[in-house]
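Report on the structure given below.
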Amino acid sequence: MARSEALCSFRPASLSGCHSKEIKMRKIFVALVMGVATTLAMSASAQMSKPAQKPVIVLVHGAFADASSWNGVVNVLKKDGYFVIAAANPLRGAKSDGAYIGSLVSDLKTPVVLVGHSYGGNVITEAANGRSNVKALVYVSAFAPETGETLGELTGKFPGSTLGQALAPAADLADGGKDLYIQQDKFHAQFAADVPTAEATLMAATQRPLLQAALDEKAGAAAWKTLPSWWIYGDADKNIPPQAMAFMAKRAAAKDVEVVKGASHVVMVSHPDAVARLIEKAAAAN
């Protein structure tokens with residue numbers, strides 16, 4: 001120990017500069033503690049002020065379409081900062097398709113908004129069951145069946161669908177099943193009347209078929225009973241009667257229902273901005 005320090009240890013504080021030195025050291029210590037506390041508080045405040053993570057948007061196409069039918073919607077959502085997956089729907093039946101989409105949802109480990117078009121509504125209703133990270137369902141010109149209902153029953157509940165008249169003869173499959181397509185020369189008027197002819201022609205040529213048996217498959221648990229739902233559809237839909245969709249939306253106690261005047265069955269193709277806005281509403285809801 002230095003002589004001066006030793007003297008400070010034994011002299012009364014009033015008789016030396018030791019007391020003032022101690023006060024200075026205490027002030028420095030307090031300043032350091034306060035600085036650390038302030039830094040921690042600012043860090044915590046910054047964490048609290050960060051916006052909540054945006055949910056992943058999973059888009060599920062319906063029958064007679066493919067994932068590219070979501071292209072316009074994807075462009076809007078990605079521009080607005082959402083991570084989007086337009087999944088390839090097998091179109092083999094809601095139970096198996098729902099399990100397939102559900103496995104994708106489970107792997108994400110993040111909040112998810114499930115969006116289904118047409119038959120894809122049936123699939124997301126199935127896929128959401130048992131997946132706690134699904135926060136909302138969005139039905140786009142879609143089916144939302146009650147437990148035990150079939151798509152055929154829902155379509156026939158109200159008049160207006162002309163789909164049956166536009167279907168081509170069923171294509172036989174090796175396993176005994178049958179695939180359904182819309183006749184290409186009737187596709188534009190039936191499926192996508194408000195889409196430019198050139199685009200509708202490409203959609204007709206690239207359409208994906210629905211297994212016929214999927215129309216008669218009884219739906220499982222209705223996820224819309226426990227999850228909030230949003231709806232959008234066109235009042236000129238010729239595949240699913242608009243009255244049927246109004247009925248399903250009301251039954252599901254939808255948070256919001258938007259009816260697009262003059263829109264066909266593929267409202268997400270002809271009005272991607274409107275569809276994207278509704279999806280964002282669902283994503284932002286608590």
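The values are calculated or read from the model by the stated rules, or taken from the named source; none is laboratory data. Computed from a prediction, not measured in an experiment: that's the story for all the values here. FYI the Cβ positions are ideal-geometry reconstructions off the backbone, even for glycines, and counts take in every protein chain you see. Protein only, heavy atoms only, side chains kept; ligands, DNA and RNA dropped before computing areas. Shrake-Rupley method; radii C 1.70, N 1.55, O 1.52, S 1.80 Å.
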Legend entry - Selection from segment 257-286 of residues that are farther than 18 Å from I57 by Cα and either aromatic (F, W, Y) or surrounded by fewer than 16 Cβ atoms within 10 Å (Cβ to Cβ) (or both): K261, G262
Inset, instruction - Please indicate, with yes or no, whether at least one residue in segment 238-259 is within 19 Å of G72 (Cα to Cα) and out of contact with any Leu (no Cβ under 9 Å at 6 or more places or on another chain). - result: yes
Legend entry - segment 133-153, residues that are within 18 Å of the chain's Cα centre (by Cα), closer than 15 Å to N239 by Cβ and open to solvent by 10 Å² or more (accessible area, probe 1.4 Å): F143
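Residues checked against (1) open to solvent by 80 Å² or more (accessible area, probe 1.4 Å); (2) out of contact with any Ser or Thr (no Cβ under 9 Å at 6 or more places or on another chain); (3) at pLDDT 95 or above:
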residue	(1), (2), (3)
A171	no, yes, yes
G177	no, yes, yes
I182	no, yes, yes
F191	no, no, yes
T197	yes, yes, yes
A205	no, yes, yes
Legend entry - Neighbours by Cβ (under 7 Å, 6+ apart or cross-chain): first from segment 152-177, at positive phi; second among the polar types (S, T, N, Q) and open to solvent by 100 Å² or more (accessible area, probe 1.4 Å): G160/Q243
Legend entry - Criterion (in contact with a strand residue (DSSP E or B) (Cβ under 8 Å, 6 or more places away or on another chain) and among the acidic types (D, E)) met by exactly one of D216, D235: D235
Inset, instruction - Output the number of residues of segment 60-76 satisfying the condition of being part of a helix (DSSP H, G or I) and surrounded by fewer than 24 Cβ atoms within 10 Å (Cβ to Cβ). - result: 7
Inset, instruction - From (1) assigned to a loop (DSSP other than H, G, I, E, B); (2) at pLDDT below 95, pick out the condition that doesn't hold for E146. - result: (2)
Inset, instruction - Return the residue satisfying two criteria in turn: it lies in segment 149-183 and is part of a strand (DSSP E or B) and hydrophobic (A, V, I, L, M, F, W, C), and of such residues it is nearest to G102 (Cα to Cα). - result: L180
